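Nothing in this text is a laboratory measurement; each read-out follows from the coordinates by a stated rule. Keep in mind that this is a model prediction, so the values were computed, not measured. Note: ideal-geometry Cβ built from the backbone for every residue, glycine included; neighbour counts use all protein chains shown.
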Ligand code: ZN
């Protein structure tokens with residue numbers, strides 16, 4: 001383990017952002033296996049159930065989110081093979097989505113209701129998928145709690161300590177806030193996957209610009225924005241990335257979103 005850490009430190013000095021991100025991901029891959037990540041995600045899911053999280057059972061909504069997810073995970077699997085799972089949390093007042101280690105993605109009905117276009121939802125989902133592909137949550141957990149605790153958590157050892165930790169995570173909307181670099185990296189994955197699925201990759205940026213204008217930065221419903229600050233720098237960087245990579249798309253998804261919003265009771 002010592003050797004890995006040293007290699008990482010050496011590799012991290014004096015390299016580009018992309019090289020550093022690749023190195024960090026490679027290190028996370030060595031430290032936490034796919035199976036351990038899956039187990040961590042399972043633990044968080046069990047905790048969410050224990051906290052009486054209300055999951056949507058409406059098939060219209062579930063099938064819709066599933067359909068959108070399919071458009072993205074095929075591409076994501078070329079970057080990292082993951083057993084993706086999708087859950088819709090029935091909470092119309094919370095505009096949020098999050099991913100846990102191992103590929104569980106949670107979408108709130110509030111997010112579906114707040115979107116004006118499918119490209120906006122695709123952008124957010126692509127961003128969350130990006131966090132999983134780049135192993136951000138594993139990297140964050142190790143950074144925050146140390147390797148040993150995280151490994152024990154994945155193994156389900158030391159149940160008391162572990163469940164306290166997982167409960168804390170689930171209570172915070174399931175994950176720690178990621179660093180700025182990780183957010184930018186996830187934005188880029190999101191834009192790439194959105195365009196790959198035929199959607200306008202600017203959907204993510206326009207979505208948070210619009211909500212920011214409507215609610216301000218600190219509205220109680222904007223949970224996603226408490227961990228995803230919408231600032232000019234972030235939007236500029238995303239716009240530059242989209243232009244530099246010639247990403248574009250015109251898919252609208254027809255009236256799918258409208259039908260789902262009607263099923264959710266939107267007038
Ligand atoms: Zn994020």
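Return the distance in nm (one decimal) between the two label points of a simple spin-label model at residue 262 and residue 57, each offset 7 Å from Cα along Cα→Cβ.
2.5
Modelling each spin label as a point 7 Å along the Cα-to-Cβ direction, I'd like the residue 250/residue 181 distance in nm, to one decimal.
4.0
Under a plain spin-label model, where a point goes 7 Å from the Cα along Cα-to-Cβ, how far apart in nm are residue 206 and residue 77?
3.0
How much length would be gained if the chain were fully extended between residue 35 and residue 236, taking 0.36 nm per residue of separation minus their Cα-Cα distance, in nm to one decimal?
68.7 nm
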